[in-house]
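First comes the structure, then the notes that go with it.
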Amino acid sequence: MAAALDLHLERVFPMAIMQYGMVGGGPGSFIGDAHRRAINLDGEAKLVAGCFSRTLEKCRQTGAELGIAEDRCYASFAEMAQAEAARPDGIRFVVVVTPNVSHYPVCKAFLEAGIHVSCDKPLCLTVEQAEELEALAKEKDLLFMVTYTYMGHVTAKHIRAYIASGKLGKIRTVMAEYPQGWLAYAGEWGGKQGEWRCDPQQSGGVNCLGDLGTHVENAVSTMTGLKIKRVLAKMDVVVPGRVLDDNDVVLVEYEGGATGVYWTSQFAIGHDNDLAVRIYGENGSILWKQTECEKVIMVDRDGTVVERHRGNGGIEPQAAAYGRLPSGHTEGWLESMGNLYRSFVSCVAAKEAGTFVPEMVDYPTVADGVEGIKFVHACLESNQKGNVWVDV
């Protein structure tokens, strides 16, 4: 009993709290604040440095609010990468939460400085950039997480383990969607968060598919293990005043013959963040919604419908291990992101201790980020060529 208690205390109060830094996440940032809160859930990493804004004044303002020493609030990400790499007490990983256009140069700078990276999705703008980051992380022997947040949910991990065990049998088709309604009207841009997503100079020439479609692609890939062979995409610009896609429908063919249909939208009034995946196999079906992330609906081949709830015995053990609260005490989006960081921080610590093995990784990697960028660019090519099939 004492040994079990000691292990629990070590988990909650680690011997050495890991130091990390952040690029982006300054005044008015939603996603930067979310990452900080998610990391804080386990108390295993502490924010000590940052380049939170394009201006040093705003960077220091955010740093003061977060209790960061002024000399560790940097005017540029390049300065931060070099300075932190040179410090004996420098950060051990960086969190990148800037608009898409700067993901590549920021991540590259920290990888070159020998610092592990966590980057918000999508990974970057082009396939060439994505593959370069993947190769650089491998060359430097550094860990690289891409935060597809929803895949930290216990129920999503349950689905992955259930399908990997062969219980669903051969997958026949997948239907997945992510509709939102926050950009439904002309002249409304959703504030700071929407403005850069709708700006080709900052988002990389794709809006809805890059923001939402990459989540759909990663969710299906993570849960099912299916690899996309080719796509046929129709990317529409519907709301007056928009220049980038705000509604997308993608037909998918996977290696092995299974098929899929993906839908994403930003003008679907009545929807908030309604990511949903329906997987149909030869032995049954699985239905999952992130807005009801505490449960999975599973239908057997005889039509029996079973709801499996997080916190109960029907959840696959390796997924259940990420649960934080007893059943009935709901866990949500922040806990899901926190679960990704729980694995990532543990892997960084193991890497430095010389005990790391690849099987420890239980978070979306840079390789998953590369697949997301390849998916987006294949869809763009398909749409530009008149909605034809394009290999991924």
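The values are calculated or read from the model by the stated rules, or taken from the named source; none is laboratory data. Model, not experiment: these values are computed from the prediction. With ideal geometry, Cβ positions are generated from the backbone for all residues, glycine too; neighbour counts draw on all protein chains shown. Heavy atoms of the whole protein, side chains included, go into the accessibility calculation; ligands, DNA and RNA do not. Shrake-Rupley method; radii C 1.70, N 1.55, O 1.52, S 1.80 Å.
Quick one: P326 ticks every box in (1) closer than 19 Å to G225 by Cβ; (2) loosely packed, with under 15 Cβ neighbours inside 10 Å except a single one, so which number is it?
(1)
Restricting attention to region 248-266, and to residues there that are more than 14 Å from D211 (Cα to Cα) and of a type in the set (D, E, K, R), which single residue is surrounded by the fewest Cβ atoms within 10 Å (Cβ to Cβ)?
E255
Please enumerate the residues belonging to region 358-376 that are open to solvent by 40 Å² or more (accessible area, probe 1.4 Å) and part of a loop (DSSP other than H, G, I, E, B).
Scanning region 358-376 gives a single hit, V361.
Would you check if V216 is closer than 22 Å to D272 by Cβ, of a type in the set (A, V, I, L, M) and assigned to a loop (DSSP other than H, G, I, E, B)?
no
Give the residue, chosen from M151, M145, that is closer than 26 Å to E177 by Cβ, part of a strand (DSSP E or B) and touching a residue at least 40 places away in the same chain (Cβ under 8 Å).
M145
Kindly indicate which of A184, A176, A161 is part of a helix (DSSP H, G or I) and open to solvent by less than 40 Å² (accessible area, probe 1.4 Å).
A161
Could you check how many residues of region 339-356 are under 17 Å from A137 (Cβ atoms) and open to solvent by 20 Å² or more (accessible area, probe 1.4 Å)?
Number satisfying all stated conditions: 3.
Could you identify the single residue in C51, C119, C107, C59 that is more than 23 Å from K140 (Cβ to Cβ), at pLDDT 95 or above, open to solvent by less than 20 Å² (accessible area, probe 1.4 Å) and not β-branched (V, I, T)?
Numbers: C51 fails: more than 23 Å from K140 (Cβ to Cβ); C119 fails: more than 23 Å from K140 (Cβ to Cβ); C107 fails: more than 23 Å from K140 (Cβ to Cβ).
That would be C59, the only listed residue that is more than 23 Å from K140 (Cβ to Cβ), at pLDDT 95 or above, open to solvent by less than 20 Å² (accessible area, probe 1.4 Å) and not β-branched (V, I, T).
Go through region 122-146 and give me each residue that's open to solvent by less than 40 Å² (accessible area, probe 1.4 Å) and under 20 Å from A85 (Cβ atoms).
Correct list: L133, L136, A137, L142, L143, F144, M145.
Do you know which residues across region 1-41 are charged (D, E, K, R) and at pLDDT 95 or above?
Residues of region 1-41 charged (D, E, K, R): 6, 10-11, 33, 36-37.
Listed by number, the residues that qualify are D33, R36, R37.
I need the full set of residues from region 84-104 which are open to solvent by less than 60 Å² (accessible area, probe 1.4 Å), out of contact with any strand residue (DSSP E or B) (no Cβ under 8 Å at 6 or more places or on another chain) and over 23 Å from Q201 (Cβ atoms), in order please.
A85
Answer with yes or no whether M223 is of a type outside the set (V, I, T) and either open to solvent by 40 Å² or more (accessible area, probe 1.4 Å) or more than 20 Å from V388 (Cβ to Cβ) (or both).
In short, yes.
If you check every pair at least six apart or on different chains, which have Cβ atoms under 7 Å apart with a residue in region 328-342 that is farther than 13 Å from D362 by Cβ first and a residue that is polar (S, T, N, Q) second?
Pairs that qualify, where the first residue is farther than 13 Å from D362 by Cβ and the partner is polar (S, T, N, Q), are W333/T149; M337/T147; M337/T149.
Looking at T330, T355, which is the one that is under 26 Å from I163 (Cβ atoms) and in a loop (DSSP other than H, G, I, E, B)?
That would be T330, the only listed residue that is under 26 Å from I163 (Cβ atoms) and in a loop (DSSP other than H, G, I, E, B).
Any residue that is crowded, with 19+ Cβ neighbours inside 10 Å, of a type outside the set (V, I, T) and within 26 Å of V392 (Cβ to Cβ) - is there at least one of those in region 293-310?
For region 293-310, residues crowded, with 19+ Cβ neighbours inside 10 Å, of a type outside the set (V, I, T) and within 26 Å of V392 (Cβ to Cβ): absent.
From the list A38, A75, A69, exactly one residue is aliphatic (A, V, I, L, M), more than 11 Å from G26 (Cα to Cα) and loosely packed, with under 15 Cβ neighbours inside 10 Å. Which is it? Show your work before the answer.
Numbers: A38 fails: loosely packed, with under 15 Cβ neighbours inside 10 Å; A75 fails: loosely packed, with under 15 Cβ neighbours inside 10 Å.
Of the residues listed, the single one that is aliphatic (A, V, I, L, M), more than 11 Å from G26 (Cα to Cα) and loosely packed, with under 15 Cβ neighbours inside 10 Å is A69.
Identify, from the list T149, T155, the residue that is within 17 Å of the chain's Cα centre (by Cα), open to solvent by less than 40 Å² (accessible area, probe 1.4 Å) and over 20 Å from T365 (Cβ atoms).
Testing whether each residue is within 17 Å of the chain's Cα centre (by Cα), open to solvent by less than 40 Å² (accessible area, probe 1.4 Å) and over 20 Å from T365 (Cβ atoms) leaves just T155.
Residues that are among the polar types (S, T, N, Q), at least 1 per element: which strands (runs of 3 or more DSSP E) completely within region 35-133 meet that?
Hits in region 35-133: 116-120.
Being open to solvent by 10 Å² or more (accessible area, probe 1.4 Å) and either within 14 Å of D236 (Cα to Cα) or part of a loop (DSSP other than H, G, I, E, B) (or both) is the filter here; which residues of region 377-392 pass it?
L380, E381, N383, Q384, K385, G386, N387, V388, W389, V392
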